[in-house]
Amino acid sequence: MHLAACAPSDQPIVIGLAGPFSQQTGQSMQLAAQLAVAELNQRGGVSGRPIQLVVRDDSGSVSVAVRVARSFYDSPDVAAVIGHMGSAATLAAARVYNSGDTPIVSISPSASSPDLSQAGPYTFRVCPDDRVHGSQLADWAYRGLQARRVAVLYENDAYGRGLRTAFRSSFTELGGRIVSEDPFSPALPGFEPYLTRIRIRGGADAILIAGALDGGQRMLNTLNSLQFNPTVLGGDGIGGIETANVGAEGVFVSLAYLHEQPGARNEAFRSAYGQMYGEQLPDHRGAGAYDIVYLLGQAIEQVGTDRTRIRDYLAGLGTETEGFEGVTGSIGFDSNGDVVDRNVVIGVVRNRRLVSAERR
Amino acid sequence: MTPLVALNTLRTRIVLGEAALVAGLVVVAAIGIGALRTVRSTAASELESLTAVSAQSNTLVTTLFEQMRAAEQYLADGSMEAHNAFRAGGEAAHASQRRLQALPDLSESDRVVISQIETLQAEAEVLFSHAHAQLDLGRRSDALAGAQLAREQASEMLRLLSLLSASQGARAEATARSLEQAATDRELLVWTTLVASVLIAAAIAVATLRSVERPMARLAAAAQRFGSGDLRPVALGAMPAELAQLGDAMYRLGGSLRTLVGEVVDESERMATAAEDLSAISEQLAATAGDVSTAMEEVSSGAQRQVSGLEESSSAAQTLHDAADDAGRASRKVAELGADIHRLAETYASDIAAASKALVELRNLVQHTAQQVEELDRLSEPINEFIDLIKQISSQTNLLALNAAIEAARAGEQGVGFSVVAEEVRQLADTSAQAAERVSGTIKTIRDQVAAMGETMALGRAQARGVGSVSQGAAEALRNIVRSVEEIETESQRVAGQAERNLTEIERIKLALRSASAAAQAHASSSEEVAAAAEQQGASTQEMAAQATTLHRAADHLRSLVRGFRS
């Protein structure tokens, strides 16, 4: 249905996109978002107006994220923001988006910190939070892998600590034991002391790496060099590790989206993504960003570009209006702006690809 | 349609001025209260916010220090206690940072600083954990080297913490400044409003004063005009209602004064006319007195001639008859003139009383004049008696003349002349009686006029400065006239006495018919005495004429005084 006649002009609809796009983890998010915008504009835009993405790289840093958020907030043209990617940046930016007289919607494809639930009425996400990841990983470790002693290496940030806490809670409840919890960060000189200590203190049935891809890669490298081969699990933070040449074979990853998950929408998305970007596969961040573009397009078509009306429309999604059918599944929001009824899937790296672990 | 509130009264204007002042004060009070409330609530919320931030910052600092202390302790003793404290401190610090970030009133730069602290703390935590792992593996030197790196992060973190404190201090200062500025602004507003309302009230007060002063000045000018004798109507112009009433009263007063002065002018004119009349009559009286004197001299000479020509008694009797005739006439004339004088004096007194009462409005003066009038009335009583006496004399003279005629007839040839004289004397007596009757009528008229004058006096009322003395002077003149009249009466009585004595003498003539010579001689001396009395009467008459002149002058003065009133 074309509503071009109703459009006030051919002025583009401006949507912000913020994430660590110069980093490997952020690439899929940007590519998928641009793919979705290109598709929409090719079909005549929204209400007859083209969509214009304003892309800002926040480097995953809290302070840069705040600056980017301020620039979006202060541009009246910007109707909504897709982002940010990580929990820390998303939380910091959410304080800007929810402030003042002209708050603006931000929808994160992948920020999974439980703290984000309380960030404010204009903050949404289309991915399940770390509690879901943590409990699913614990369940998989205890039931799927029969692990009883698990060592945890966590990134010392909101995401890593959140996932660690969620995992610990579920795993100890199931009857397992956490043998150690060691923090890391990019500044960590090396994983060797942690891993050696785990080893000499009786080893572990599995090691959970609760952190970002970079830390995961370093840890796998160290394990490799130490000839230490415990089962490794990770959250969606290490998504992408399958393509890294670090011997990630057999690593289990909890994911909000797996490219091979069924559904016609996903098929179309994968094929378009492949056509546009070659052999690369979209990750959960890309799928989420793709869904967010279409979701915002639908919202703006219904209520226009007014920031508050967009928020109200999104808040009613799945309750007042029918849920949005996306690549990642049906999207509806609860009162905290969290996506409802969304489970994670456990994937495993096989031949440099993530495949469903359950269908092994 | 009349306005609800009359704006032209002094009361309304004063009430409006007061209301403006009170309204201004109420506004000032409202602004003051509003300012206080604003400042108080702002101060309270700012204080609350600052307190919350400060409390969370303090907690953060405490937990960070505790964690760092535990980290160092573990490096020293490797105790489980220190390890747990390090972990717990980390958890507490992260929770504290989350709470701090959740505070709504934090500035973005503060949030960035807190994020940096968080990052540094996380780094320090990681580095200490790494060092602890080295220690656990027995690599003490590696552990201490790693701890050194951690300490660098920690000291940078402490620097940022002090930055955060400084920022909070600056914020507290800025808050204090803005509160002070707000208070100053409100204070300025309060002062402005206060001054404005005072100015408005002052303007209304000045306008009210002017609306009082200007009409008052006009009223005073009008009063001064009245005082200086200018009684023409005054245009007072517009003025507040209360003063307008006063103005109306003054306008009516002016009208009353004009009417009164008009009456006084009439009265003074009449008085002047009366004075002129009096003067003329006085002159006439003086002339008449001369006539009496001349007549008595003639009587005297006639008597002497009778003495000398007793034998020719016919002619002598004739002469005596003429002289007696003249004396009778003169007496009648005196009576008439006395009556005229009384009437004029009375008129004069009436005028004076009316004038003084009208001009001075002094009850005692009026009463005094009334007493004068009563006295005049009383004084006219003796005149009546005098007239009765003249009537009696006339009657007796008539009888005497009859007897004389009989005696002349009995004297025969020698008494023929005397009988003619006796007839003339009898006619004279008749004429005297008639004159007395007329005088009596005149006195009655005078008394009527006195009564009318009493009424006139009751009517006359006025205020005129200086008139009192004039009217007193006039009253004095009146008293003098009355005294003169009394003297005239005395003299008239003396004339009457002499006339009686003439009767006696004529009685004795009856005897002297036998000794005519002696009788005629005595008669001659009596006639001389009558002449002397007549002269005395003439002198009194002159004095009265002088008094009439005084009265005339007083009347003129009075007339000039009332002429000073311009009506």
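The values are calculated or read from the model by the stated rules, or taken from the named source; none is laboratory data. This structure is a prediction, so every number in the text was calculated from the model and none was measured. Cβ: placed from backbone, ideal geometry, glycine included. Neighbour counts: every protein chain shown. To get the accessible areas, we keep the full protein, side chains included, count just its heavy atoms, and leave off ligands, DNA and RNA. Shrake-Rupley method; radii C 1.70, N 1.55, O 1.52, S 1.80 Å.
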request  = Compute the signed sum of charges (Lys and Arg +1, Asp and Glu -1) over the other residues within less than 15 Å, Cβ to Cβ, of residue B:130.
outcome  = -4
Surface accessible to a 1.4 Å probe, per residue, for the residues of the range A:131-255, Å² = 34
ask   = Tell me, in nm to one decimal, what length is gained between residue A:308 and residue A:117 on full extension, where the rule is 0.36 nm per residue of separation less the Cα-Cα distance?
value = 66.9 nm
remark   = Amide H contacts under 5 Å for residue A:46, restricted to residues at least 5 apart in sequence or on another chain and with H modeled in the peptide plane, are A:51
note = Sorted largest first, the C-alpha extents of chain A along its principal axes in whole angstrom are 71, 41, 35
ask   = Considering the range A:131-255, what Rg and Dmax in Å follow from its alpha-carbon atoms?
value = 12.8, 35
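Given 0.36 nm per residue, what is the gain on full extension from residue B:33 to residue B:409 after removing their alpha carbon distance, in nm?
Working: separation 376, 0.36 × 376 = 135.36 nm, distance 13.70 nm.
Full extension of this stretch gives 121.7 nm more.
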ask   = Using a Förster distance of 56 Å, how high is the FRET efficiency between residue B:416 and residue B:269, based on the Cβ-Cβ distance and rounded to 0.05?
value = 0.40
inquiry  = As an exercise, use a Förster radius of 25 Å and the Cβ-Cβ distance of residue A:201 and residue B:141 to find the FRET efficiency, rounded to the nearest 0.05.
reply    = 0.70
task = Starting from the Cα of residue B:18, step 7 Å along the direction of its Cβ; do the same at residue B:253; then give the gap between the two resulting points in nm.
result = 2.9
message = I'd like the per residue volume of the convex hull spanned by the Cα atoms of the range A:21-153, given in cubic angstrom.
response = 140
inquiry  = So if the hydrodynamic radius of the range B:10-220 is defined as the Kirkwood radius over C-alpha pairs, what does Stokes-Einstein give as its diffusion coefficient at 37 °C and 0.692 mPa s, in µm² per second?
reply    = 147
request  = Kindly identify residues of the range A:66-106 having a loss of at least 50 Å² in accessible area between the isolated chain and the assembly of all protein chains, probe radius 1.4 Å.
outcome  = A:95
inquiry  = Run the simple label-point estimate for residue B:199 and residue B:163 please: 7 Å along Cα→C-beta, distance reported in nm.
reply    = 5.2
inquiry  = Starting from the 7 Å offset along Cα-to-Cβ, what nm value, one decimal, do you get for the label separation of residue B:431 and residue A:173?
reply    = 17.0
query = If you take the beta carbon distance between residue A:55 and residue B:103 as r and set R0 to 41 Å, what does 1/(1 + (r/R0)^6) give as a FRET efficiency, to the nearest 0.05?
reply = 0.80
task = Within the range A:239-318, list the GluC sites (Glu not before Pro) lying in a DSSP loop whose Cβ has at most 16 other Cβ atoms in a 10 Å radius.
result = A:249, A:260, A:279
query = Can you give the extra length, in nm with one decimal, that the chain gains between residue A:350 and residue A:10 once fully stretched, where that is 0.36 nm per residue apart less the Cα-Cα distance?
reply = 117.6 nm
remark   = In order over the range B:235-246: 3J(HN,Hα) from phi, Karplus 6.51/-1.76/1.60, θ = phi - 60°, whole Hz, x for each Gly or Pro, gives 8, 8, x, 6, 7, x, 4, 4, 6, 4, 4, 4
query = Given the options A:137, A:223, A:188, which has the most mean-square fluctuation in a GNM of chain A, springs set between C-alpha atoms less than 10 angstrom apart?
reply = A:188
note = Expressed as a percent, the accessible surface of the range A:131-255 that is carbon or sulfur, using a 1.4 Å probe and the full set of protein chains, is 45
Candidate residues B:80, A:219: accessible-area rank, largest first, probe 1.4 Å = B:80, A:219
